[in-house]
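Dropping a structure here in structure tokens format, bear with me for questions.
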Amino acid sequence: MKRPDKPVEIKTANAKNYPIDPDRDYRVSDIQKHLKLRVLPSGTKTWEYDYIHNGKRQKYAMGTLEDLTPPQARAKVMDWETNRKKGRDPFTKAAKGISLNTMKDDYFNHRRVKPHVTATGVKTGLSKKEYQERLRRFERHFEPYAVAQTPLLKLELSVIKRWFNGLVTEKPSEALSCRFLGSHMTSIALEDSEELAGAISNKFDAAISKEEVKLYKEAVDESRTKRPLKRQEFKALWNAAENWGDKLEGLLIQFIMATSVRQTHAGRLLKEDIQKKTIDEQPVYFFTAKFKKTTDTVVLSEQAVEIYKAVLAHHKEQAWITEFLFPSQDYTGGKFHGLRLRGMQKDDISRAFTGGSRNNRSKGIRGAAAKAQPSILGVKSKTSVEKENYGEWKVKPVGLHDIRDTYATEATSIEEAAAFLQNSGTEVTKKSYRQEKLVNKLKLATRKGKVMGDILG
């Protein structure tokens, strides 16, 4: 098929057959004036709005042929042309009535936000993960509230401040992320509307001072301070994980508790990583934990072996085909869609621990740690009563990493603590434990199992 050399009615079926020039790109003009389809050497085909405003030629990348059908592309251009013919830049909106809610669609389709391929074939916008997180953040923390419902011209700084302080009370790190999102959305609005830019400044930047932001960042850092779980907290968490609604997530929590390995190590474990040997007629299960500059052998305690076998049984029960011991599960839209082609990552594991995401939040189901309330006194909770109690407790929130510190406090020596945690930070540890034979690693696992048995009773 020859490439058209004059305006044609571009159709999806025909456009897919437009020839590819490996040396250069070219454009096909549609019958809709100012609409063109750019054909790249890579084979990608992108829509382009080509127009002149104030004597300057402008080109706007609209998306790929897969993103927009020809009728949809024409409809967009016709709408933009209506504004242009009135003497306005198509992407300049009237200031009156613009709120964060009214600009939601425009923002999340903005060239700097939405993941897409530009007219030059360059991937731009946010990552798909960050895009989804930002969208969920807006829908949860902005959309239902006055801060997003009020037109920006009428939005008082006091409203922003009250909204922000409420978020800080819930979680300082989320508050800071929301403040950035509000600021970024406003900056986009100011760019796209000459009228708005001339009338206001970025109110999200103005409402919270740099000094306050610094204090909130310090609060975030403080909230991340580690603390060991008390014995009763450890036991409560174990029991909560055992009864957790998503069985794989519950088993993951218990596996980390039984091995004291880091979240990242647990998440990326392959089934083939767990090896088995016989020592003195005793089966020994172990794997190698890889660090930046070294490795360490981790022998599974009796409890860890039980968890490992339960995970394999769960795989078989679900008829899962995956190489990962703890595969990441796709819960897009609150429904289980299958397994992803990767192990659980840090965010997946943290959500399993706290229950603060996905279908869990929408269904009122809480994570293993939150579910163990009030036995785990330091876990931040959702209800107002529990928030009040949390204030009375005056203890730091626990995190999944605190399990490791629990083992450290139960150790009988610095060397044993370091060995429990696969800690390569001291020369003593390296000499005394890291170079030990598998049989001595077995002794360590037995000792760790005894510690855990004592805690669980």
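Per-residue counts of other Cβ atoms within 10 Å, averaged by peptide: what ranking do you get for 295-307, 254-266, highest first?
Those peptides, ordered most packed to least, come out 254-266, 295-307.
If you add up the charges near Ile256, with Lys and Arg at +1 and Asp and Glu at -1, over every other residue whose beta carbon is less than 9 angstrom from its beta carbon, what do you get?
+2
Next question. In whole angstrom, note down how far apart the Cα centers of region 123-164 and region 248-264 are.
35
Something else now. By counting other Cβ atoms within 10 Å of each Cβ, how are Asp67, Asp30 ranked from fewest to most?
Asp67, Asp30
Another one. Which whole number of Å³ per residue matches the convex hull of the alpha-carbon atoms in region 1-149?
That works out to 130 Å³ per residue.
Using a 7 Å offset from the Cα along the Cα-to-Cβ direction at both Lys86 and Arg140, what is the distance between the two label points in nm, to one decimal?
Taking the two extended label points, one gets 3.8 nm.
Taking 25 °C and 0.890 mPa s as the conditions, I'd like the Stokes-Einstein D for region 12-91 in µm²/s, using the Kirkwood hydrodynamic radius from alpha carbon pairs.
186
Using packing as a proxy for protection, rank 312-319, 137-144 so that the peptide with the highest average count of other Cβ atoms within 10 Å comes first.
Final packing ranking: 137-144, 312-319.
What's the tally of Lys pairs in region 12-91 whose alpha-carbon atoms lie under 30 angstrom apart, where the two lysines are 8 or more places apart or on different chains?
For region 12-91, qualifying lysine pairs total 29.
Computed over the Cα atoms of region 127-223, what is the convex hull's projected area averaged over all directions, in nm²?
That works out to 6.6 nm².
Each value in this text was obtained by applying a stated rule to the coordinates, not by laboratory testing. Keep in mind that what you see is a predicted model, and the values were worked out from it rather than measured. Cβ: placed from backbone, ideal geometry, glycine included. Neighbour counts: every protein chain shown.
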